[in-house]
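Notes follow the structure.
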């Protein structure tokens, strides 16, 4: 008798629970979007949006050129440099992407025309000619331009997060530039 009573109570509890959960899920409202993220997206001015897009393009270009170099070069030092570019610029691109998403900025999905032209030029080359061009164009020239742009971004950006990311990237790009210059100077024919 007691056993039948326990089973009846257990069944009643299960049925009551099953009926209660759908009711709870219907009453619970969806969480609204945080006001802070909406406000931060709305406050990013056009100049700062362009800075974020330029940082993304620069990182995408280095990743693409680095991947090409890894495939095409036979030089171990160039391959090591290229792998470092892929690794570190992929990480930086991830940071730019996260910033863009938090600020409501839609990033380009491809590099700009000058970087496409550089890639087309590199793609036609092989051997030492490729190595020299890769180190000169993607290594020294591009990092020189990006380093200068980041200094400008650091000064001109109005948004604190955009300014901070430009500042964070500056030493890494400077290190890449120095590495590219040293590598170009080591091997005969690698300097522009």
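The values are calculated or read from the model by the stated rules, or taken from the named source; none is laboratory data. Computed from a predicted model, the values in this text were never measured in an experiment. Because the Cβ atoms are built from the backbone with ideal geometry, glycine has one as well, and the counts that use them run over all protein chains shown.
Computed quantities for the displayed model
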item: Verdict on residue 110 being out of contact with any helix residue (DSSP H, G or I) (no Cβ under 7 Å at 6 or more places or on another chain) and at pLDDT 95 or above; result: yes
item: Failed criterion for residue 70 (all others in (1) at pLDDT 95 or above; (2) closer than 23 Å to residue 152 by Cβ; (3) touching a helix residue (DSSP H, G or I) at 6+ places or on another chain (Cβ under 7 Å) hold); result: (2)
item: Index of the failed condition, residue 110 passing every other in (1) in contact (Cβ under 8 Å) with a residue 12 or more places away in the chain; (2) surrounded by 14 or more Cβ atoms within 10 Å (Cβ to Cβ); (3) under 16 Å from residue 60 (Cα atoms); result: (2)
item: Restricting the range 113-151 to residues that are surrounded by fewer than 14 Cβ atoms within 10 Å (Cβ to Cβ) and within 20 Å of the chain's Cα centre (by Cα), the residue that is farthest from residue 73 (Cα to Cα); result: 148
item: Residue in the range 117-127 that is within 20 Å of residue 166 (Cα to Cα) and either in contact with a helix residue (DSSP H, G or I) (Cβ under 7 Å, 6 or more places away or on another chain) or touching a residue at least 12 places away in the same chain (Cβ under 8 Å) (or both) present; result: no
